[in-house]
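The values are calculated or read from the model by the stated rules, or taken from the named source; none is laboratory data. All values reported here derive from a predicted model rather than from experimental measurement. A quick note on method: Cβ atoms are made from the backbone with ideal geometry, for glycine too, and the neighbour counts reach across all protein chains shown.
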There are 2 protein chains.
Amino acid sequence: MNATSSNRLYSLVEQAKKFPPLKTAVVCPYDAVSLEGMADAAREGIIIPVLVGVEARIRAAAEKNNISISGYEIVPAQDDKSSAVQACALAREGKVGALMKGSLHTDDLMGAVVDRNVGLRTNRRMSHVFAMDVPSYKWPLLITDAALNIAPDLETKRSICQNAIDLAKDLGVAEPKIAILGATELVNPAMPATLEAACLCKMADRGQITGGVLDGPFAIDNAISPEAVKIKGIKSPVAGVADILIMPDIEAGNIIYKGLVYLAASGAAGIVLGGRVPVMLTSRADTPAARLGSAAMAVLTMAGQKARQSSK
Amino acid sequence: MNATSSNRLYSLVEQAKKFPPLKTAVVCPYDAVSLEGMADAAREGIIIPVLVGVEARIRAAAEKNNISISGYEIVPAQDDKSSAVQACALAREGKVGALMKGSLHTDDLMGAVVDRNVGLRTNRRMSHVFAMDVPSYKWPLLITDAALNIAPDLETKRSICQNAIDLAKDLGVAEPKIAILGATELVNPAMPATLEAACLCKMADRGQITGGVLDGPFAIDNAISPEAVKIKGIKSPVAGVADILIMPDIEAGNIIYKGLVYLAASGAAGIVLGGRVPVMLTSRADTPAARLGSAAMAVLTMAGQKARQSSK
């Protein structure tokens, strides 16, 4: 990751510092990477870790990696799955405002999170959003869903849009512009992504999605290049200046987000939204900036949620 | 497009100059962009244009845009669709070795090209390949199919792989490494792209795809980043060093190719392969380097085809 990209992800941390630190259940922090991610965010003063897992393993990993966990609450649990359930329980009881993945499998954590009985479900579908720092484009560019929903149906895409709009606002984008992507800007009966894009726009017209300006379908150049928009003659308040790119499916999302990270020196900080509290799904390949960015997004999300509730 | 990317697309032209110029049916060259693309390639000596369309319109457009067409054969046709059919007939009769799209709609051109009676079908499915110059990656990186096949089935993906392998060899890649992409490197029953990737690998084991080393499924980082491969612990001759990226569908292909062009300063020259002759599907947004690159790819493809036939 180059300096440019890191800098813009770090700006999230500066924004998050304006709010009180967020109590965060760190689930199974048994390795260097998850302990360091947690410790970095705590050192910046944006989270207060609550460590959930097998106490002996947590203490051994902390000692081995020379990371101090004194002063952090430890909530014991027996194994990976029960740690995930325990972390969800803490969130349901209002004792933590976010979950952070440690060294357990994503499936074990998310299995608990999406469980109808013990999980964090709300009336929205959950979705994953990346805040991307693409050096050649304005900051932030949100890409969703590149990690959680494999082949989202229309109802899930509605939540994907709404979750991303709320996040964009929480990150400081006053009126987010949302581009729904396919392989073309034309509604094409042979391309379901373009039909769903049309439907999502109409949902926004009818107030089923609120808070942003939606348009689509677009090919990605129509969404992010004013020059390409001009050549195509597209008239749209979103075209060429999108803040949010809605992906047709997980393959397209995953390929473009990783393509931008690995081939365009971009930074990416991700978070799962739409549950009672946000969930940070960090991976081993994440940079320190990506981990901190995710934690900052959790803080800004919960601050935004609180503000919206108190304004009701 | 920056200097780096242009330079590497232009290297195709240098390669193509080693072969005799290719007679190319330019279909409906009625606007500045298609006339210039044709004229540039002719000036470089890599094609000999045969202009197909309404003669009066061709002559008027050439005069208006101050482009000399004297010395070029004109094959008259009544309208866009019959021009496309006429161009296919020239190819079937061996009078031209390539088709180049002018100002007609892609659907009108490709409708004739894929027609079972008048078109250019062979025992392979046709597919589109982009030769990408991504400044942060080795040259060339082939991406396919980002433009023609919407949701290719396994048989079509087999042709997509074979067409790209043959092209890579024609461009000078001795043993092409092909990465079949999805959203993960694991075979996941919920993700059809990963199942098809596994099947394509087995097809290669059985000689149903030849001439390259295939592996997949991969997430894109596993395909192009040796560092990501190391972190994941993946063992594969393709991982991290792929020459060809096979896309799960047109949405993923279109989004990553345009994402790299518009956000990573990449160049892209495209061509349709798998027919009797290659077809250049240029678009208004193409750079001069992209147009020349496409023409050069057509030359190199036909030279490769000829060499393969004479070696049989």
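Computed values, structure above
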| item | result |
| --- | --- |
| A:Glu55 surrounded by fewer than 20 Cβ atoms within 10 Å (Cβ to Cβ), under 18 Å from A:Leu99 (Cα atoms) and not assigned by TED's automatic domain parsing to the domain that holds A:Ser136 | yes |
| Test set (1) away from every other protein chain (no Cβ under 14 Å); (2) surrounded by fewer than 24 Cβ atoms within 10 Å (Cβ to Cβ); (3) within 14 Å of the chain's Cα centre (by Cα); (4) closer than 18 Å to B:Ile160 by Cβ - B:Met302 fails condition number | (4) |
| Filtered residues of region A:221-263 (kept if among the aromatic types (Phe, Trp, Tyr) and touching a Pro at 6+ places or on another chain (Cβ under 7 Å)) | none |
| Scope region B:213-260; condition of a type in the set (Val, Ile, Thr) and facing chain A (nearest Cβ under 7 Å); matching residues | B:Ile220, B:Ile224, B:Ile231, B:Ile250, B:Ile255, B:Ile256 |
| Failed item in (1) within 16 Å of B:Ile250 (Cα to Cα); (2) within 14 Å of chain A (Cβ to nearest Cβ); (3) not aliphatic (A, V, I, L, M), with B:Cys161 passing the rest | (2) |
